[in-house]
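Scroll down for the structure; my scribbles are underneath it.
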Amino acid sequence: MSDSAGRKNQIRYVGRAVSRGIAIGQIVSLYGDRRQFFRVSINEDAVSGEVKRLRTAIAVARDQIRRLIRSENTALNSIAEGILDTHLLVLEDRSFLSALEDSISQEHVNAEWAVKTVTDSYLIKYRSLDDPNIRERATDIQDISDRIQAALGQRRRTPMRLPAGSVLAAKEIRPSTLIELGEDRPIAIVSEHGGWTSHAYILARELNIPAVTGLRKILRHLRNGDRIIVDGYRGEVVLNPSAATEADYRDRAPKAPEISKIVKDVTEPARTLDGRVIRLSANLDSVNGYPIARRNGADSVGLFRSESLIGRFGRFPTEAQQYEAYSTLLRSAAGHRVNIRTFDIGVGQISGRGDDRERNPALGLRGIRLSLSYAKEFRRQISALLRASAAGEMNIVLPMISDPGEVHEVREIIIDVRERLRSRRIAFGEPKIGIMIEVPAAAILADELCAEADFFCLGTNDLIQYLLAADRDNENVANWYQTLHPAVLRTVRDVLAAGKNGNRPVTLCGEMAGSPFYIPLLVGMGAEELSMNANSLPGARRVIESIAFEEAQALAREVLKLPTPALIESRVREEIRLKWEHLFLSGG
Ligand code: PEP
Ligand code: MG
């Protein structure tokens, strides 16, 4: 929308703030499914390499289709075979292929962008036709486009260089996109879907990138290059802001200092007013993240999400790459304990095959289930971990455990891998084996799991979504994703108690553990270690050092008897207002 002078109108949208901060920049829209991409301008020198990349991807796509047609165990009926034949014909069609290559060489863009714009033009043409048979072909074109994009994502990639001052806009942002961008970060993110505990926003908070999500259908109003303000405090975005609005936000930004910028270089353990020590540790997605966490007061790595390496390499990393990464992390932790979680990914994140897409990935082949199904890759990871652990205190954490038998199975694999290393005279360590308690079944079996696991990491992000049947990534059910639900609090209490009885340390490592609002309750329920992103550490410490364990215990005892989330929330708010309001006044 523009006014009569051609200026675009300022429009304000309200969503949900998921990472604090204010930024003003230009929109870069993200496209793509498994791997996200945007328009990258390339030099004349890079054109022939990019065309070659495209040709390789097309060859891979053709190969996949031919294999599907030939495959003996796919009972293809004649209709399915006809569809695949059509796809093959399109992938061999000269005018289609020339349009793709011309787009790269004439517009100087990356192959992903060429595939998107060319297939989009076919889609527009087909969808506008009256003949239903031809309109149907739009679905085939979309399928073909997805297949080529997947093949482009698997092979050598053109570096995704984001122009300075970019604000990423996406339906839903993928954590692997942020990881692939590396140091070339966006200054803010806006998206239509996602929640506070979505991995991408956990990462955004770690990287200090302001983000607003839940902006329904906003993408249709955004164009690449549009100017936008993102207010990650209030959950607002302003598209095409006027000069006055920009000035207003610029004034506002410095007035909301992050507490992480105030408290620095703390090395003492955090203690409540009555002397209870609460260990603070860091959740990391980057092997280089510990020094900042350490300066902000962490004394160990409570959770390293190793799947970030898959985002970095775009596939399962080799054993050598993993060994290097884990060793770097351990070195940078300089003698402090490091818990490394084995890959927690879903099958859709590693397979380019459309038929591996699951209807319900959170309940699908992910975490330890995927590792146990990909035995070769899992043994490779275990081997790299065992070798790296020879250099310091490093523990292994297993994600998505739901049954003590799974831990037992992993222990057998570890014994076997260790034997192989021994026979090859390769040094290895003796890491402890911990598990994520994030599936309700594991929480219920916490007593029994003490026999198999050396320690627990209580992952409230997933535990809440599974207990309450509310997808953590779906803002439509954000009101049902209730951290203060009595079922959540009672489960947390029971797992803490099981750990204590079984003499198994429990680290709380979901986003709940880094939120000042929940910390008094967690401490009151018996939490002795909280692991969180580096930016949350100073705020968490400030809360711990301002509360008395006895008071926190009394509050926990009281709210654990309340029957509804609303009653619990109002009781916690009341307590905060009476005793700790000062902690929440300046971003604390
Ligand atoms: C959790 O589920 O709480 C957790 C810490 O793991 P992630 O957020 O990586 O699923
Ligand atoms: Mg989890």
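We did not get these values from a lab; they are worked out from the coordinates using the rules stated. Please read these numbers as outputs of a predicted model, since none were measured by experiment. Methodologically, a virtual Cβ is constructed for each residue, glycine included, from the backbone with ideal geometry; neighbour enumeration extends over all protein chains shown.
For the range 368-487, just list the percent of Cα-Cα distances falling in each 5 Å bin from zero outward, please.
2, 11, 19, 18, 16, 13, 9, 6, 3, 2, 1, 0
Using only the alpha-carbon atoms of the range 259-583, report the extent along each of the three principal axes, biggest first, to the nearest angstrom.
Dimensions of the range 259-583 along the principal axes of its Cα atoms: 62, 43, 36 Å.
Report, ordered by chain and residue number, the aspartates and glutamates lying within cross-link reach of K376, taken as a straight Cα distance under 18 Å and ignoring same-chain residues fewer than 8 apart.
Cα-Cα hits under 18 Å: E307, E319, D344, E406, E409, E412, D416, E419.
Which length gain, in nm to one decimal place, applies between E574 and R422 when the Cα-Cα distance is subtracted from 0.36 nm times their residue separation?
Separation in residues times 0.36 nm, less the Cα-Cα distance, equals 48.8 nm.
For the pair A487/T318, report the inter-label distance in nm, with labels modelled 7 Å from Cα in the Cβ direction.
Roughly 4.7 nm, to one decimal.
How do the peptides 439-448, 93-102, 490-499 rank, highest first, by the average count of neighbouring beta carbon atoms within 10 Å per residue?
Result, highest mean first: 490-499, 439-448, 93-102.
Could you list H221, H485 in order of exposure, starting from the residue whose Cβ has the fewest other Cβ atoms within 10 Å?
The fewest-first ordering by Cβ neighbours comes to H221, H485.
Calculate the FRET efficiency for R94 and I413 from the Cβ-Cβ distance with a Förster distance of 51 Å, rounded to the nearest 0.05.
0.50
In the range 131-185, what is the volume of the convex hull around the alpha carbon atoms, normalised per residue and reported in Å³?
123 Å³
For a quick check: with amide H placed at 1.01 Å from N, whose amide H comes under 5 Å from I547's, ignoring anything fewer than 5 positions away on the same chain?
For I547, the qualifying residues are L273.
Read phi for every residue in the range 179-191 and hand back ³J(HN,Hα) as whole Hz from Karplus 6.51 cos²θ - 1.76 cosθ + 1.60, θ = phi - 60°, with x for Gly and Pro.
5, 5, 5, x, 6, 7, 7, x, 8, 6, 9, 10, 8
Rounding to the nearest 20 debye, state how big the charge dipole of the range 44-153 is about its Cα centre with +1 on each Lys and Arg Cβ and -1 on each Asp and Glu Cβ.
Using only the charged Cβ atoms, the result is roughly 240 debye.
Would you work out which of L398, M512, I24 lies farthest towards the positive end of the dipole of the chain, given +1 charges on the beta-carbon of Lys and Arg and -1 on that of Asp and Glu, about the Cα centre?
Positive-most Cα among the choices belongs to I24.
Using a Förster radius of 30 Å, what is the FRET efficiency between D45 and R220 based on their Cβ-Cβ separation? Nearest 0.05, please.
Calculated value: 0.25.
Hey, what's the Kirkwood Rh for the range 44-153 if you take every pair of different alpha carbons, in angstrom?
14.6 Å
On average over all directions, what projected area in square nanometres does the range 434-588 have, based on the convex hull of its Cα atoms?
8.9 nm²
On average over all directions, what projected area in square nanometres does the range 13-106 have, based on the convex hull of its Cα atoms?
11.0 nm²
Angle, helix 111-127 long axis vs. longest principal axis of the chain, Cα atoms, 0 to 90°, nearest 10?
Tilt of helix 111-127: around 70 degrees.
Tell me, what are the semi-axes, in whole angstrom and largest first, of the equivalent ellipsoid of the chain as set by the roots of 5 times the Cα gyration tensor eigenvalues?
In descending order, the three semi-axes are 42, 32, 22 Å.
Among 295-301, 32-38, 357-363, 129-135, what's the highest-first ranking by average C-beta atoms within 10 angstrom per residue?
With the highest mean Cβ count within 10 Å placed first, the list reads 295-301, 32-38, 357-363, 129-135.
Ordered by packing density, taken as the mean number of other Cβ atoms within 10 Å over each peptide's residues, highest first, how do 192-202, 164-174 rank?
192-202, 164-174
When only C-alpha pairs under 8 Å and at least 6 residues apart count, what is the relative contact order of the range 53-207, in percent?
Here the relative contact order equals 20 percent.
What's the extension gain from L273 to N360 if we count 0.36 nm per residue and subtract their Cα-Cα distance?
Once the chain is fully extended between L273 and N360, it gains 26.8 nm.
Could you work out [θ]222 nm for the chain from helices alone, using -39500 (n - 2.57) per DSSP H run of at least four and dividing by all its residues? Round to the nearest 500 deg cm²/dmol.
-13500 deg cm²/dmol
Assuming R0 = 22 Å, what is the FRET efficiency of S546 and Y233, from their Cβ-Cβ distance, to the nearest 0.05?
The formula returns an efficiency of 0.45 here.
First obtain the Kirkwood hydrodynamic radius of the range 163-227 from its Cα pairs, then insert it into the Stokes-Einstein equation at 37 °C and 0.692 mPa s, and state the resulting D in µm² per second as a whole number.
276 µm²/s
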